[in-house]
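The values are calculated or read from the model by the stated rules, or taken from the named source; none is laboratory data. All values reported here derive from a predicted model rather than from experimental measurement. Cβ sites come from the backbone with ideal geometry, for glycine too, and all protein chains shown count toward neighbours. Heads up: the accessible areas ignore ligands, DNA and RNA and are worked out on the full protein's heavy atoms, side chains in. Shrake-Rupley method; radii C 1.70, N 1.55, O 1.52, S 1.80 Å.
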Amino acid sequence: MQLTTLKKLIFDKNIFAFLKLGKHVDTMYRTSFVTAANSSGVLDFLNQGGKTLEQLQQLLTVDESKKGALSAWLNCGVTLKELSLRDGKYQLKGKLSKHLAKDDNQIAAALFEEAIRYHYDALLSAPQRFCGGQAYQLADQDGQVIAKSSRILEPFVEEAIDWALKTKPTPQSILEVGCGAGQYLVYLRQRLPDSDILAIDYQQDVAEQARQRLKAANILDIAVEHRSFFDLQGEAQFDLITLHNNIYYFNEAEREQVCALALQLLKPGGKLLLTTSCQGGTSAISALNLWFSLSEVGGALPDAQQFQQMLTKAGFSDVAIKRLLPGESYFAFCAVK
Ligand SMILES: C[S@@+](CC[C@H](N)C(=O)[O-])C[C@H]1O[C@@H](n2cnc3c(N)ncnc32)[C@H](O)[C@@H]1O
């Protein structure tokens, strides 16, 4: 290097400024690479042992003309030390990729993917989206990833279900709205072996995922229908209606309709149990709030107090609220018709 170049570098503030940012840039590269490697099945494949470029090409069904791009992508993983390349075989090397590849960590991995794919994009594109940019649609999220990531809340939702079932009478007919991967249907069936349970979900692939989940648990008496809550009409027929982690898929006006429809479908004395993240949470909940604020799917997360009032205004009595996660804005609402 010439002395003049070295002098320029020493006095160039931008170079030092960039060096200070280097670790943040690396984090961004690392998280992007590892997320894509996990969701495409590459981490799982490499977890079984080293693989050649050709084997990875086959796994990802990469056309011969794109083999160079695949190699460039894998090389990023090697540079980031998430992969190694020895004797022509790629292997898992980094702590993050090994962590995400583990079978036991797949719910956490889905949550990580949700943050990297959707929350990151919302934070990055928000200023354009405020000014006429396209609003997010339901199809912008992979329903199966969301259904899986939502499972991180399982212990808290199960606590909410126990809370709602504490007071008699025991519900005989139950409707679960937006059942996702179906894990709460399994829990409900364990808690109430004799009840009639109907589940619905708006997304076909997610409804299918719930059916598979029930089948795997050998539960064959819960129907999972692919339909919207608003398609259900008719008489008061349920003792309990549950909505977990989906009220923000409905906009403000629709939330009033959800409450009115739930009230219509519940028998006198029946209960509505709803769990949701609310305004005022930590970074993950704030980013979730941003995504839904920028979407056409629903709207911002509810304010807990205002939502409680909305239920009362809709005609419910005894509207109780319970914080499920200490220090986090995650609540259950239980309201009686
Ligand atoms: C974040 S997921 C939560 C899934 C599940 N309840 C859980 O807690 O794991 C929200 C689910 O609500 C469903 N959903 C959204 N709007 C709906 C509607 N109008 N009718 C039925 N399901 C709906 C979505 O398809 C999605 O599967």
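Counting charges near ALA262 (Lys, Arg +1; Asp, Glu -1) among other residues having Cβ under 15 Å from its Cβ returns a value of -2. Accessible surface for segment 3-101, divided over its residues, is 65 Å² per residue with a 1.4 Å probe.
DSSP beta bridges in the chain, what fraction antiparallel, as a percent rounded to 5?
On the way: 17 of 37 bridges.
Bridges in the chain that DSSP calls antiparallel: roughly 45 percent.
Normalised radius of gyration (Cα atoms, divided by 2.2 N^0.38 Å) for the chain: 1.20. Compute a Gaussian network model of the chain, connecting alpha carbons closer than 10 Å, and tell me which residue from ALA109, ALA260, ALA69 fluctuates the most. Comparing ALA109, ALA260, ALA69 in the GNM, the peak value goes to ALA69.
Leaving out ligands, DNA and RNA, and with a 1.4 Å probe, what % of the accessible surface on segment 136-189 is carbon or sulfur? Mind showing how you got there, number by number?
Working: 1140 of 2070 Å².
Summing carbon and sulfur atoms, their accessible area is 55 percent of the total for segment 136-189.
Spatial offset of segment 321-337 relative to segment 136-208 amounts to 16 Å, using the alpha carbon center of each. Compute the angle between helix 204-216 and the longest alpha-carbon principal axis of the chain, please, reported from 0 to 90 degrees and rounded to the nearest 10. Approximately 80 degrees, to the nearest 10. Relative to the longest principal axis of the Cα atoms of the chain, the long axis of helix 67-79 lies at roughly 90 degrees.
The mean accessible area for residues of segment 146-336, using a 1.4 Å probe and ignoring ligands and nucleic acids, is 43 Å² per residue.
Around GLU158, what is the net charge, scoring Lys/Arg as +1 and Asp/Glu as -1 over all other residues with Cβ under 12 Å from its Cβ? Display every interim value, and only then the final one.
Values: positive: ARG151, ARG191; negative: GLU154, GLU159, ASP162.
For residues surrounding GLU158, the net value is -1.
Just the protein heavy atoms count here, and of the accessible area of segment 45-111 at 1.4 Å, carbon and sulfur take up 50 percent.
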